[in-house]
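Since the structure comes first, as structure tokens, the remarks are kept for the end.
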Amino acid sequence: MFFGGRSFSIVIALGFLILTPSFAQNTAPAYVKAIYSLPLSLDPIKMNDTSSLAVGNLIYDGLLKFSPSLKIEGALAKSWVTSKDGKTLTFKLKRNIFFHNGEVVTAYDAEASLKRALLPESTVRKFYDSIKLIRAVDASTLEVELNYPFPPFLSVLAGATAKILPKSKLTDPQYFDAPIGSGAFKFVVFDKPKKEITLDAFAQYYAGKANIERMVLKETSEEEALKLARNGQIHDLASWPLTETDSIFSEGQRLSSPVASTWIIGINTLKAPFNKLNVRQSFKVNFPVADFRGKFYPDSIKANGYIPNGLTGSQVKVDLVVNALPSKDKIVIAVPIELARATEMKTLIEVSMKAQGWNVEVALMKWDSLMEGYSKKSHQAFLVAMNMDYPDADFLLKNFESDSSDNFSGLKNKKLDELIKKSRATRDRKLREVHYKEALKLLEVSAVTVNLFHPRANYWVSKCVENFKPNILSDVYIDYSQVSLSSKCAPPRVVAR
Amino acid sequence: MKSVSLFRHVNTSLNPYRWFISLLVAVLISGLFAIITLVNRLDADRKMAESLSPYLATLVESSDRPEILRVLHSISETTQSELILVQDGLVFATSGDVTELDRPFVKPKTKLRFFEMDFGKDEITTSTSVSDGVAIYIISPLLPSILGTFGIFIAVFVASILISLFSARQMRRAIKTALRPMDQLHAEIEGLVSNDDQDSSPIQIRELEEIRNTVRSTKVAFENANDQLAENKAKKLSSDAYKRLIHDLHNPVAALRQMATLANDEAQDNETKIEATSAVTRLADQILSQVKAAKRNLEEEPIALRELNIIECVHDSVRQVQSLGTKKAIVSSFDSEALNVPHDPTLLKRAIVNLLENGIEAAKSQVRVSIVKNNNQASIRVCDDGVGMDENKVSVYLQGRGQSGKANRQAFGLSSTNHIVRSHGGKLIYKRSDLGGASFEIRLGVV
């Protein structure tokens, strides 16, 4: 999918690639999935981009997992119970589950893995900061104690960062060069020159060996990916935000579903003229949201607010009024050049804003550069897609906590901070909804995001692909262990450029 | 036409109705059960959704799709139906394919609407409102629902048939039990016929008891009427005997008068007068003999005809004659063992004994007695191998006017026998026997 800030984004990589897939040497047909970027990290606690999360979800397993319809199911955990006060969760692990190296997965591995999420270097620590204690009672029992009852915590554990790694390997500095997990696919090789990662089906996977013998994740641009897909060299374009009218769908299958994602123009309050609230509000009102959505993503869902449709808080809508003249200061909006119609986007935004008196320039830049500026908070504004690791407004709201390292907006609002903290500790569903709505109203009034739309994923997969089921949280959570290749289809052609 | 027992008749008569009603009732009950099951099954889904409506409405209000999806999946796993929550015409949540989410809801085409259920080609759709603009549709696969319903239909049908068969079996037993008084009535009537009513006991069914009493009183009335008839007949026979006597005496008396006239007629010569005088004496003796025979016959007790086995009567007669110690053989020849003829056993036995005694007296070595049934008549023949009788004088002997060469008894015996036979409405016929002697045949009417 698409890019964004830390912990919820996707990289779109540039370039036309030389495609000499490693699967060419294998007799079993390989499933080729195009990705917009190679994973930036294979360490679950450092996964910020969707590509890393997607690869990690194939190699690793967590205690829990999401079904395609967001039902929380046991993965490595056989069962779990929550104490009456909601603070203690006890997990029983399944028997006879193994890592790819043959070691048995134990609660000690789970303890060590989840404790890593609380380390200072963890970029996902904010999701786990409710944890007070993690303790392996015995080899098959894990106890997690929370500082306060946090209802979405099970969703956090079903997310793509709560993965269980072998404790014995965690001290190995080279471990993440060839990671070992307990997921449906085991790592084979990360061929950086070829820009591809090869995974093989894990025969001892707890849910049964995957139908796909080998999976190759290949970095490519959207344009090249479409070309390769037409040539029958790629099975899966699930990483790209295609629209239902794309001609590629005439040559394959289109599987469409909503996803818990939101496309925004992020606004940095630390950069003038966005340090002024009325300017941000006027900018937000004047931005050609409807035109942008109608022209580039017509099948997407109109955004009322920041939270994707179908999640608590999505109904929050604040009608702002233009209360300031357009700023004469130059405003640069960073947009990833990897987007297939980036140039058209630039034109539309610039022309539209200029017509309303704004001095806006769209800077098309590589994903790496965009992400660098995002981290340094050097962009005035930027186009990002926020993907959610768990289906709760909490996930997106946390980005606006004053002390969050992921607070791209630089916003500091004590009331907002209080509401976010209060909502996290509230077990009552309705009361939590009240806190969410209040927080989101504050957020909308603060005008730190221009909410463009909530995408509807249009997954393209080859006609040879069977049992591909979208996940309404994100493409990261698509269960590839169930996907198979039709025996009637020939292996993809291998083309060397 | 072959007759059957009343039980079989009743059973056979009830069979078509029993099977038709059993099948009809089984089909109706099975159909009713099947429909109720189907309606209940689908209604249960709807009621479950209805009961969850407040919760779902709250979740919709909160736009908490993940939680709604969990709820719908949970219900779906239990009910095996697909649940779709529609908000403002768009699919907000579904237990089915997530690709339908946020798409316009397309309701399956309805082919038949029944009890708020829409039957489509492959599914049954029901719906219930959750809140304003929000409804939940429950789509159940048609085939499993129909198969389940059909299974219920078959199970109830089989159970109904088994119950019907059991009922039919019990009904047969009940019919058998109910018809026992009929068997008792039959036995009672048989007992009445055979005059064996020692084991008689009251019949519990009032109507049957009345029938038995009617039969009993009818029998008594019939016996009385029979006695009356026999008495009347005896009187008539006596009258006829007098008439015959008068008729039989007419000629001898006329001859006597003629002879007396000749004997007293001066114009006649002496020889004629002597012959006439001797004839007067002879005629007078003859008339006297005839009157004596007639007197004896008329003195016989009035007969009472009973329909009895005539063969037994002949057997008794033969045994009586044989008991007298004759050296001549009496050969019996009967067609059958039973031949019912209305007769007075005492008188008829006396007639047969007369014929047997005459036969033995006249026979050289054997007398043969036989009974032959010919159409509606029974013939008792007594033949001997003697010299036989002058056929011209047979009628004289039958009238009692003849004189035996050996004893008077014979003439009186034949006259008496003739009288008894006539009293029975029969005839006594003389023929030459194939044995060479006389052959007397008593011919009586058979019932």
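Against the definition (part of a loop (DSSP other than H, G, I, E, B), in contact with a strand residue (DSSP E or B) (Cβ under 8 Å, 6 or more places away or on another chain), within 28 Å of residue A:66 (Cα to Cα) and of a type outside the set (A, V, I, L, M)), how does residue A:263 come out, yes or no? No, not satisfied.
Looking only at the stretch A:475-486, count every residue that is in contact with a helix residue (DSSP H, G or I) (Cβ under 7 Å, 6 or more places away or on another chain) and either over 17 Å from residue A:206 (Cα atoms) or outside any loop (DSSP other than H, G, I, E, B) (or both) and tell me the total. Qualifying residue count, the stretch A:475-486: 3.
Looking at the stretch A:326-343, can you tell me whether even one residue there is under 29 Å from the mean Cα position of the chain (by Cα), part of a helix (DSSP H, G or I), more than 14 Å from every other protein chain (Cβ to nearest Cβ) and closer than 20 Å to residue A:292 by Cβ? Yes, that holds for at least one residue. Mind checking which strands (runs of 3 or more DSSP E) fall wholly inside the stretch B:95-142 and carry at least 3 residues that are β-branched (Val, Ile, Thr) and either closer than 30 Å to residue A:467 by Cβ or modelled with pLDDT under 90 (or both)? Ranges flagged: B:123-131, B:134-141. Filtering the stretch A:66-79 to residues that are part of a strand (DSSP E or B) and within 14 Å of another protein chain (Cβ to nearest Cβ) leaves A:66, A:72, A:73.
Here is a yes/no grid of residues against (1) surrounded by fewer than 19 Cβ atoms within 10 Å (Cβ to Cβ); (2) at negative phi; (3) modelled with pLDDT of 80 or more:
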site: B:7; (1), (2), (3): yes, yes, yes
site: B:13; (1), (2), (3): yes, yes, yes
site: B:20; (1), (2), (3): yes, yes, yes
site: B:27; (1), (2), (3): yes, yes, yes
site: B:31; (1), (2), (3): yes, yes, yes
site: B:34; (1), (2), (3): no, yes, yes
site: B:45; (1), (2), (3): no, yes, no
site: B:62; (1), (2), (3): no, yes, yes
site: B:70; (1), (2), (3): no, yes, yes
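Taken residue by residue, the stretch A:236-250 has at least one member that is more than 14 Å from chain B (Cβ to nearest Cβ), within 22 Å of the chain's Cα centre (by Cα), at pLDDT 90 or above and surrounded by 22 or more Cβ atoms within 10 Å (Cβ to Cβ). A Cβ distance below 8 Å, combined with a sequence gap of six or more or placement on separate chains, defines the contacts here; from the stretch B:187-203, residues that are within 18 Å of residue B:214 (Cβ to Cβ) and at pLDDT 75 or above reach residues that are surrounded by fewer than 10 Cβ atoms within 10 Å (Cβ to Cβ) and not charged (D, E, K, R) in the pairs B:191/B:198. Scanning the stretch A:215-233 for residues that are in contact with a Phe, Trp or Tyr (Cβ under 9 Å, 6 or more places away or on another chain) and not in a helix (DSSP H, G or I) returns A:215, A:216, A:219, A:220, A:221.
Rundown of residues vs (1) more than 8 Å from chain A (Cβ to nearest Cβ); (2) within 17 Å of residue A:392 (Cα to Cα), yes/no style:
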position	(1), (2)
B:57	yes, no
B:60	yes, yes
B:66	no, yes
B:70	no, yes
B:78	yes, no
B:82	yes, no
B:89	yes, no
B:102	no, no
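When the stretch A:373-417 is limited to residues that are touching an Asp or Glu at 6+ places or on another chain (Cβ under 7 Å) and under 19 Å from residue A:445 (Cβ atoms), the one that is farthest from the other protein chains (Cβ to nearest Cβ) turns out to be A:402. Contact map, the stretch A:172-198: first residue touching a residue at least 40 places away in the same chain (Cβ under 8 Å), second residue surrounded by fewer than 16 Cβ atoms within 10 Å (Cβ to Cβ) and among the basic types (Lys, Arg), Cβ cut-off under 9 Å, separation 6 or more or different chains; pairs are A:184/A:209. All of A:145, A:121 fail the test of being farther than 27 Å from residue A:31 by Cα, out of contact with any Gly (no Cβ under 9 Å at 6 or more places or on another chain), among the acidic types (Asp, Glu) and in a strand (DSSP E or B), apart from A:145. Of the residues that make up the stretch A:487-496, is at least one within 12 Å of chain B (Cβ to nearest Cβ) and part of a loop (DSSP other than H, G, I, E, B)? No, there is no match, as no residue in the stretch A:487-496 is within 12 Å of chain B (Cβ to nearest Cβ) and part of a loop (DSSP other than H, G, I, E, B). Condition (residue is out of contact with any strand residue (DSSP E or B) (no Cβ under 8 Å at 6 or more places or on another chain), more than 14 Å from chain B (Cβ to nearest Cβ) and at pLDDT 95 or above) applied to the stretch A:120-133: is it met by at least one residue? Scanning the stretch A:120-133 turns up no residue that is out of contact with any strand residue (DSSP E or B) (no Cβ under 8 Å at 6 or more places or on another chain), more than 14 Å from chain B (Cβ to nearest Cβ) and at pLDDT 95 or above. If you go through the stretch A:168-198 and pick out every residue that is surrounded by 20 or more Cβ atoms within 10 Å (Cβ to Cβ) and not in a strand (DSSP E or B), you end up with 6.
Restricting the stretch A:207-223 to residues that are of a type outside the set (A, V, I, L, M) and surrounded by fewer than 20 Cβ atoms within 10 Å (Cβ to Cβ), which is farthest from residue A:252 (Cα to Cα)? Here the residue is A:208. Considering A:316, A:289, the condition of being away from chain B (no Cβ under 14 Å) and of a type in the set (A, V, I, L, M) is satisfied by A:289 alone. When residue B:51 is tested against (1) of a type in the set (Gly, Ala, Ser); (2) surrounded by fewer than 22 Cβ atoms within 10 Å (Cβ to Cβ); (3) touching a residue at least 24 places away in the same chain (Cβ under 8 Å); (4) farther than 21 Å from residue A:151 by Cα, only condition (3) is not met.
Can you find, within the stretch A:301-313, the residue that is nearest to residue A:445 (Cα to Cα) among those that are surrounded by fewer than 23 Cβ atoms within 10 Å (Cβ to Cβ) and within 10 Å of another protein chain (Cβ to nearest Cβ)? Looking at the filtered set, the residue picked out is A:304. The set of residues from the stretch A:418-441 being more than 14 Å from chain B (Cβ to nearest Cβ) and surrounded by 19 or more Cβ atoms within 10 Å (Cβ to Cβ) comprises A:419, A:420, A:424, A:439.
The values are calculated or read from the model by the stated rules, or taken from the named source; none is laboratory data. These figures come from a predicted structure and were not determined experimentally. Cβ sites come from the backbone with ideal geometry, for glycine too, and all protein chains shown count toward neighbours.
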